[in-house]
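Reading through the structure tokens given below for one structure.
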Amino acid sequence: MSIATRKGDSGTTGLLHGQRVPKDHPQVEAVGAFDELNVEVGAARMLCGDAGVREFLGAVQAHLVSLMGEVACAEEDAERHAASRFARLAEADLGRLDVLVAALESGNPRLDGWATPGANPLSLAFDRARVAARRAERRLAALPGSGRRVRPLLMQWTNRLSDVLWLLARGADAGPGEA
């Protein structure tokens, strides 16, 4: 079986349970933004020397795959997806991000205005992931306008993830071993 199915040659792509939509459909845009975020998180994970943060980022990537699956379902397939064996974000996943925000903030990060990305490769990687998270969040927020409901938890988790990534970037600004 080849990855080149040629089904998309006409400008359409398939949602998770088979419905075909234009490639610029809002759900495809949202899934694409989360896919880009997954790549940026992977880049930060690769550069990070802290094993705990690397493990956290790996878990984030798994959650992003789950989130993309949920967003990639047509509205009429949302209940089918919810009842399936596919993993879904849970309240506990949001809670873990809240705990991490509190832990990172307890280190008294520099909060004196806009950060200037690029202090070093790791802080830049976290900032790139953060801006990708914000873009994905905007695409997710746009879905209800096109008729696709979004569980509030998905918005909350994405918003909180961008906060964590910002805090990780500020910690990494100081240099190796900080994030």
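FYI, it's all coordinate maths here, none of it is from the lab. As the structure is a prediction and not an experimental result, all values here were calculated from the model. Don't worry about glycine lacking a Cβ; one is built from the backbone with ideal geometry, like all the others, and counts go over all protein chains shown.
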(message) I want the local charge near Met155. Using Cβ-Cβ distances under 15 Å, sum +1 for each Lys or Arg and -1 for each Asp or Glu among the other residues.
(response) +3
(message) Within a 10 angstrom radius of the beta carbon, how do Ser66, Ser2, Ser162 rank from fewest other beta carbons to most?
(response) Ser2, Ser66, Ser162
(request) Express in % the proportion of alpha carbon pairs of segment 47-149 at distances exceeding 21 Å. (result) 49 percent
(request) Counting only C-alpha contacts under 8 Å and six or more residues apart, can you give the relative contact order of segment 36-115 as a whole percent? (result) 20 percent
(request) Determine, for Asp35, Asp163, Asp173, the number of other Cβ atoms within 10 Å of each Cβ, and report the residues in order from fewest to most. (result) Asp35, Asp163, Asp173
(request) Would you tally the net charge around Leu15, using a Cβ to Cβ cut-off of less than 13 Å, leaving Leu15 out, and scoring K and R as +1, D and E as -1? (result) 0
(request) Using only alpha carbon pairs under 8 Å that are at least six residues apart, calculate the relative contact order of the chain and give it in whole percent. (result) 28 percent
(request) Just order 80-90, 119-129 by mean Cβ neighbour count inside 10 Å, highest at the front, would you? (result) 119-129, 80-90
(request) Quick one: grab Rg to one decimal and Dmax as a whole number for segment 1-94, Cα atoms only, in Å. (result) 15.4, 45
(request) Output ³J(HN,Hα) for segment 5-11: one whole-Hz value per residue in order, computed from phi by the Karplus curve 6.51 cos²θ - 1.76 cosθ + 1.60 with θ = phi - 60°, and x for Gly and Pro. (result) 7, 6, 5, x, 4, 8, x
(request) Using only the Cα atoms, work out Rg/Rh for the chain, with Rh taken as the Kirkwood radius, to two decimals. (result) 1.01
(message) From the mean inverse distance of alpha carbon pairs (Kirkwood) and the Cα radius of gyration, derive Rg over Rh for segment 122-179.
(response) 1.13
